[in-house]
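See structure below.
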Amino acid sequence: MARRDYITGDGWQRLRAELDHLWRERRPAVTQALADAAAEGDRSENAEYIYRKKELREIDRRVRYLSRRVDELTVVRQQPADRSRVFFGAWVTLQNTRGETATYRIVGADETDAASGCISVHSPVAKAVLGHAVGEHLEIQRPAGSDAFEIVAISYQPPCADCD
């Protein structure tokens, strides 16, 4: 049985916006630039033509991928009934034995962003914390090695006003 791929409502909206931007704005602009470059004559030595051709192929590749992907994903819009435990879409704050804390949001693979703390539901950290509650102690095996953590906070609302 195939693994179901989930995405938050915000993540799905971002993918949809990227697809719309590529299809309605970026592709027509590149197509026009390609036509202008082609009108300049010899295409074999026209760097602008070659560059625009490559750019158009990349846009078309991304449009095909996003078109398929937005239809395949299962959008999770509702919060779980039990908000005292970690489920998909949660912000979870962990504290290690050295007192260092980190906050992660459990999201779909298509919306991971390490810089903002958004980690895939399929990552080792997410798998370890799913279903657990505040105060629970966990041993998490990560690529950098194993470490002990305590769940110190769980939220289903962004931790700050500027967050998603």
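The values are calculated or read from the model by the stated rules, or taken from the named source; none is laboratory data. For clarity, every value in this text was computed on a predicted model and none was experimentally measured. When we count neighbours, we look across all protein chains shown, and the Cβ atoms used for this are built from the backbone with ideal geometry, even at glycine.
Suppose we keep only residues that are of a type in the set (A, V, I, L, M, F, W, C) and out of contact with any Ser or Thr (no Cβ under 6 Å at 6 or more places or on another chain) within segment 120-139. Which one would you say is surrounded by the most Cβ atoms within 10 Å (Cβ to Cβ)? Walk me through it before giving the result.
Start the filter on segment 120-139 by keeping residues that are of a type in the set (A, V, I, L, M, F, W, C), which leaves 121, 125-126, 128-130, 133-134, 138.
From what is left, the residues that are out of contact with any Ser or Thr (no Cβ under 6 Å at 6 or more places or on another chain) are 121, 125-126, 128-130, 134, 138.
Details: 121: 19, 125: 20, 126: 21, 128: 18, 129: 25, 130: 15, 134: 14, 138: 14.
Filtering segment 120-139 for residues that are of a type in the set (A, V, I, L, M, F, W, C) and out of contact with any Ser or Thr (no Cβ under 6 Å at 6 or more places or on another chain), the one surrounded by the most Cβ atoms within 10 Å (Cβ to Cβ) comes out as 129.
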In segment 84-107, how many residues are part of a strand (DSSP E or B) and in contact (Cβ under 8 Å) with a residue 60 or more places away in the chain? 5
Step by step: first the residues of segment 70-106, then only those that are under 13 Å from residue 151 (Cα atoms) and among the hydroxyl-bearing types (Ser, Thr, Tyr), then the one that is surrounded by the most Cβ atoms within 10 Å (Cβ to Cβ). Which residue is that? 104
State yes or no: is residue 142 surrounded by fewer than 15 Cβ atoms within 10 Å (Cβ to Cβ) and either more than 29 Å from residue 66 (Cβ to Cβ) or in contact with a Gly (Cβ under 9 Å, 6 or more places away or on another chain) (or both)? yes
Considering each residue of segment 105-164, count those that are of a type in the set (S, T, N, Q) and under 18 Å from the mean Cα position of the chain (by Cα), and give that number. 5
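Working carefully through the options 27, 57, 52, find the one that is more than 30 Å from residue 121 (Cβ to Cβ), of a type outside the set (Phe, Trp, Tyr) and without any contact (Cβ under 8 Å) to a residue 12 or more places away in the chain.
Numbers: 27 fails: without any contact (Cβ under 8 Å) to a residue 12 or more places away in the chain; 52 fails: without any contact (Cβ under 8 Å) to a residue 12 or more places away in the chain.
Sole residue among the options that is more than 30 Å from residue 121 (Cβ to Cβ), of a type outside the set (Phe, Trp, Tyr) and without any contact (Cβ under 8 Å) to a residue 12 or more places away in the chain: 57.
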Quick check on segment 15-40: of everything there that is part of a helix (DSSP H, G or I) and small (Gly, Ala, Ser), which residue is nearest to residue 111 (Cα to Cα)? 17
When the residues of segment 136-164 are filtered to those that are among the charged types (D, E, K, R) and in a loop (DSSP other than H, G, I, E, B), which remaining residue is modelled with the highest pLDDT? 136
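Based on what the data block shows, is residue 110 part of a helix (DSSP H, G or I), touching a strand residue (DSSP E or B) at 6+ places or on another chain (Cβ under 6 Å) and not small (Gly, Ala, Ser)? Spell out the reasoning first.
On the way: part of a helix (DSSP H, G or I): yes; touching a strand residue (DSSP E or B) at 6+ places or on another chain (Cβ under 6 Å): yes; not small (Gly, Ala, Ser): yes.
Yes; evaluated as a whole, the condition is true for this residue.
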